[in-house]
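Colleague: First the structure, then my questions, so here it is.
Any read-out appearing in this document is the output of simple, stated calculations on the displayed coordinates, not a laboratory observation. The structure presented is a predicted model; accordingly, all values stated were derived computationally and were not measured. Neighbour counts are summed over all protein chains in view; Cβ atoms, including those assigned to glycine, are modelled from backbone coordinates with ideal geometry.
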Amino acid sequence: MRIEWSVEAGHDLRDVHASIAQDNMPAAARVVRAIHEGAQALSANPLMGRMGGVAGTRELVLSRYPYLVVYRVKKNGVRVLAVVHTSRHWQMDFSRE
């Protein structure tokens, strides 16, 4: 299956990198790589994430880092909607996705 990133998810990923890179550039690269690898794993098993807190979404929990990859399974692939820190109250409106 194809992995597609929403514009918002791309912004989230850049924000994660920028925030961590202020203190530790190598750590920022590791976290972003882990997020990408987790999202890529969804191509082989799109249902591996848990049911999401927002209707119609799923959440991939990254075991090593405190981030969720919020996504929606589509006919032709997976659309990543957001990357959120687990401490955030993030219930977003994905109705346009």
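Colleague: Which ranges mark the strands (runs of 3 or more DSSP E) fully within the chain that have 1 or more residues being surrounded by 13 or more Cβ atoms within 10 Å (Cβ to Cβ) and of a type in the set (S, T, N, Q)?
Modeller: Details: elements: 2-5, 58-61, 67-74, 77-85.
Result: empty, no element qualifies.
Colleague: What are the residue pairs meeting all of these: first residue in region 6-24, first residue within 20 Å of Gly77 (Cα to Cα), second residue small (Gly, Ala, Ser), Cβ atoms under 7 Å, and 6 or more apart or on different chains?
Modeller: These pairs meet every condition: Glu8/Ala82; Ala9/Ala82.
Colleague: Pairs under 8 Å by beta carbon, first residue without any contact (Cβ under 8 Å) to a residue 40 or more places away in the chain and over 17 Å from Ala82 (Cβ atoms) in region 33-54, partner outside any helix (DSSP H, G or I) and of a type in the set (Asp, Glu), six or more apart or different chains?
Modeller: none
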